[in-house]
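For reference, the structure is listed below as structure tokens.
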Amino acid sequence: MDKIIFATSNQGKMDEIKMIMEGFPMEIISMKEAGIYALIDENGKTFEENAIIKAKAVMELTGCITLADDSGLEIDYLDKEPGVYSARYLGEDTPYSIKNKTLIDRLNGVEGSDRSARFVCAIAAALPNGEVLTTRGTIEGIIGYEEKGKFGFGYDPILYVPEYGMTTGEMLPEDKNKISHRGIALRMMRDKLFDYNSK
Ligand code: ITT
């Protein structure tokens with residue numbers, strides 16, 4: 001069976017990606033499973049630019065169709081911080097309990113809809129013929145007043161989604177995947193790849 005490489009070293013993302021892409025007629029493997037340990041400089045200014053940088057770098061190393069996800073949390077009151085720096089915010093190795101608490105503290109005194117925020121996910125596909133496809137998904141919410149939920153990863157415990165009355169960290173993984181930025185962007189990419197294959 002043909003394989004698609006997903007250029008990520010984030011296990012939380014990879015678990016979601018495998019669930020969302022279940023049933024896709026090609027096997028999706030992580031960089032680790034493909035035996036690739038590349039350090040890629042994510043120096044783009046947008047989620048799309050970074051996703052393309054990651055996908056192209058691994059496609060050029062392997063010659064395989066490669067997907068990449070660049071994602072993050074945008075908080076409107078903080079001029080869309082941490083944005084493309086979400087993984088690097090306060091340092092890559094700082095525990096998310098500290099990153100999340102710091103963001104909650106920075107919104108001290110900010111109420112209701114002024115706490116608006118969203119997760120954004122750009123997916124890029126780098127194809128061996130040099131073509132690049134991109135998709136984008138978002139999920140809107142507000143920053144909670146405390147961390148809630150034990151599911152997911154990263155900033156999930158602080159993005160409260162009013163429509164569902166809970167944070168994405170309180171959602172069962174299969175429920176989060178149905179409505180998440182990553183679920184939306186990846187299903188759009190799955191459809192684009194199907195169209196591409198049937199050309
Ligand atoms: P790769 O580049 O190896 O894929 P990364 O974690 O460095 O892994 P990004 O540069 O795309 O990935 O940063 C994404 C960060 O945004 C991620 O580390 C989380 O902090 C945050 N994030 C993205 N999607 C999220 C989600 O679904 N739930 C919680 N936090 C999320």
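Only the coordinates and a few stated rules stand behind these numbers; no lab work does. What you see is a predicted model; the values in this text were computed from it and never measured. With ideal geometry, Cβ positions are generated from the backbone for all residues, glycine too; neighbour counts draw on all protein chains shown.
Structural remarks
- Across 56/148; 80/148; 99/192; 99/178; 54/199; 45/176, pairs whose alpha-carbon gap is larger than 30 Å: 56/148; 99/192
- Global form of the stretch 139-179, assessed from the alpha-carbon gyration tensor, a/c cut-off 1.5: oblate
- Dividing the radius of gyration of the alpha carbons in the chain by their Kirkwood radius gives 0.98 for Rg/Rh.
- Dipole of the chain computed with +1 at Lys/Arg Cβ and -1 at Asp/Glu Cβ about the Cα centre; of 63, 102, 152, farthest Cα towards the positive end is 63.
- Spin-label model, residue 27 to residue 77: label points 7 Å out along the Cα-to-beta-carbon direction sit 4.8 nm apart.
- Judged by the ratio a/c of the largest to the smallest principal axis of the C-alpha gyration tensor, the stretch 94-199 counts as prolate, that ratio being 1.5 or greater while a/b is larger than b/c.
- Springs between Cα atoms under 10 Å define the GNM used for the chain, and in it the highest mean-square fluctuation of 117, 126, 34 occurs at 34.
- Most mobile listed residue (152, 165, 12) in the chain, GNM with C-alpha springs under 10 Å: 165
- Selected from 109, 141, 72 as most flexible by GNM, with the chain as the system and alpha-carbon contacts under 10 Å: 109
- The dipole here belongs to the stretch 39-97: it is taken about the Cα centre, uses +1 on the Cβ of Lys and Arg and -1 on the Cβ of Asp and Glu, and is about 160 debye.
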